[in-house]
Amino acid sequence: MKTKTWILLLSTLFLLSLIGSFLVLRPQPDAAQAQVSSGGKVVKTVNLRENQQFTITAPNGGENMLTVRDGKIAVTGATCPDHYCMKRGFRASGTDIVCLPNQLVIHFIGAQTVDAAVG
């Protein structure tokens, strides 16, 4: 192939990659609500626009303290051994916040999440 053809082909691939990256990595809209499940059952639906703090007790007796502030939710206290759920920080969208030892899942309602991208 001629040099101009290669340049055009590589430029086109670069442009398509750039557009694809923008579409996948763009900021996600914040959720208006979060659904809190414990032991596989929904125990509370939380309005993220109302600042509040509450505790969820797991079937195994473990506890998680949840705090809603400024449209975001976080696990601010937990009896689990690793405290991974607390390390997630305050979030308003994206992947779920999970505490496996205490069987807690916080799922955002109304936010667009990307599980995988096919291109």
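Observations, loosely collected:
- FRET efficiency estimate (nearest 0.05) - Cβ-Cβ, residue 100 to residue 72, R0 30 angstrom: 0.85
- One chain, two ends: residue 90 and residue 109. Fully extended at 0.36 nm per residue, the span grows by 5.3 nm beyond their Cα-Cα distance.
Each value in this text was obtained by applying a stated rule to the coordinates, not by laboratory testing. Everything numeric in this text was worked out from a predicted model, so none of it was measured. Glycine also receives a Cβ, built like all others from the backbone with ideal geometry; neighbour counts cover every protein chain displayed.
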